[in-house]
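Written out below as structure tokens is the structure these notes cover.
The values are calculated or read from the model by the stated rules, or taken from the named source; none is laboratory data. Predicted model, so just to flag it, every value in this text is computed and none were measured. Cβ: placed from backbone, ideal geometry, glycine included. Neighbour counts: every protein chain shown.
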Amino acid sequence: MNPTHLVSKRVRELLDTARHRRVLVVGDALLDQFIWGRVNRISPEAPVPVVEFDRESFMPGGAANVARNLTALGVATELFAVIGQDAAGENLRTLLTQAAVNCRGLHIHPQRPTSIKTRIIANRQQVVRVDREAPTDLGAAASETLLASLKRRLSAADAVIVGDYGKGVVTQWLLDRLRDECRQRGLWLSLDPKPVHELNLSRLSLITPNRKEAFELARAQDTVRHENPLADTPLLGAAERLLSELQPALMLITLGEQGMLLCRRGQPPLHIPTTAREVFDVSGAGDTVIAAFTLAIAAGASPVEAAAISNHAAGVVVGKFGTATVQPAELLASFEPTS
């Protein structure tokens, strides 16, 4: 039997155990704004579509979406991040509170605006995205305050996730100290990397780059993509280089419609085909992957089991619009055999 073919009974056991775990999330918290409308004509002013406004919605994004994915699966979650002293920050805090995310580690920085990603969706397609942010490194005083509040909660945690979206909260100083604190306590430390933000990512428990990020981190050229990832020589070479240089306990490379590649030092990579039946929106899918994998590990899953669970969770969320989450019932249903 393929070890990635979990049965719903085992998944239920892990989800039940996860309810007694606590995960801390630190990183760049964003507010995702979605403007929904329809396109029926092209503008006479320029060759662009005219979007007729229908409605707008807001969702937590970035590290905030990682936290929201965890609470959706029943895991006690605390978020440590920075928001601005603005309406967007208050909106984000309200959304997180409604999602049962503990926001005591959400600090207000009066000199930094809350990062907002505005996506305009028309006829079920994203037309354009507008980013409003100030992606400069967090100052020393704010970083120390953030780390101090996080350290006070480490003794009650079972795992930590770092969500680096290149907005300045995750600095080398913060990552180095967090890595040391987690190692001293034997805590699992996961990180979703952003190569544009150059950091020393060595000796982490888990890193979850997508294909593009893996090649960038490995400083390698991505050439022709093979339909079988296990026969994709450039991909396997980049993965081997990252395992050798960064020495993570585990690396999970997400491959979109090709699924995932679980990489472990001294073992052959394991390809996990996607379970997605329909793909409407990949926004935030990486957040779901790192959240589901980490909670599974915290609940006692093996790396292969955790990869299978995160793969199924991602398969559910890409079938929804917006930065979505997966509910326990949806995850369990995805493991039920289809007739």
Out of (1) within 20 Å of the chain's Cα centre (by Cα); (2) assigned to a helix (DSSP H, G or I), the one Lys117 does not meet is (2)
Quick count over the stretch 204-226, residues being within 16 Å of Pro269 (Cβ to Cβ) and either surrounded by fewer than 17 Cβ atoms within 10 Å (Cβ to Cβ) or modelled with pLDDT under 90 (or both), is 3
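When residues of the stretch 185-201 are filtered for being among the polar types (S, T, N, Q) and at pLDDT below 95, how many remain? Don't jump to the end; show me each part of the working.
First, pick out the residues of the stretch 185-201 that are among the polar types (S, T, N, Q): 190, 200.
Subset that is at pLDDT below 95: 200.
Number satisfying all stated conditions: 1.
Tell me which residues, restricted to the stretch 239-270, are charged (D, E, K, R) and without any contact (Cβ under 8 Å) to a residue 24 or more places away in the chain.
Selection gives Glu240, Arg241, Glu257, Arg265.
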Any chance the stretch 227-234 includes a residue that's crowded, with 17+ Cβ neighbours inside 10 Å and acidic (Asp, Glu)?
yes
Going residue by residue through the stretch 270-278, is there one that turns out to be modelled with pLDDT under 95, charged (D, E, K, R) and within 28 Å of Arg22 (Cα to Cα)? no
Exactly one of Thr136, Thr94 is farther than 17 Å from Leu31 by Cβ and surrounded by fewer than 15 Cβ atoms within 10 Å (Cβ to Cβ), and that residue is Thr136
Matching residues in the stretch 45-55 (surrounded by 13 or more Cβ atoms within 10 Å (Cβ to Cβ) and either touching a residue at least 12 places away in the same chain (Cβ under 8 Å) or touching a helix residue (DSSP H, G or I) at 6+ places or on another chain (Cβ under 9 Å) (or both)) number 2
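Looking only at the stretch 152-181, how many residues end up being farther than 14 Å from Arg22 by Cα and either touching a residue at least 24 places away in the same chain (Cβ under 8 Å) or not charged (D, E, K, R) (or both)?
Applying the first criterion (farther than 14 Å from Arg22 by Cα) to the stretch 152-181 yields 162-181.
Keeping just the survivors that are either touching a residue at least 24 places away in the same chain (Cβ under 8 Å) or not charged (D, E, K, R) (or both) gives 162-179, 181.
So the answer is 19.
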Just one listed residue, out of Leu154, Leu175, is surrounded by fewer than 16 Cβ atoms within 10 Å (Cβ to Cβ) and of a type outside the set (Phe, Trp, Tyr), and it is Leu154
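Go over the candidates Leu70, Leu24, Leu92, Leu96 one by one and state the one that is closer than 24 Å to Pro303 by Cα and outside any strand (DSSP E or B). Please lay out each step first, then the result.
Working: Leu24 fails: outside any strand (DSSP E or B); Leu92 fails: closer than 24 Å to Pro303 by Cα; Leu96 fails: closer than 24 Å to Pro303 by Cα.
None of the others qualify; the one that does is Leu70.
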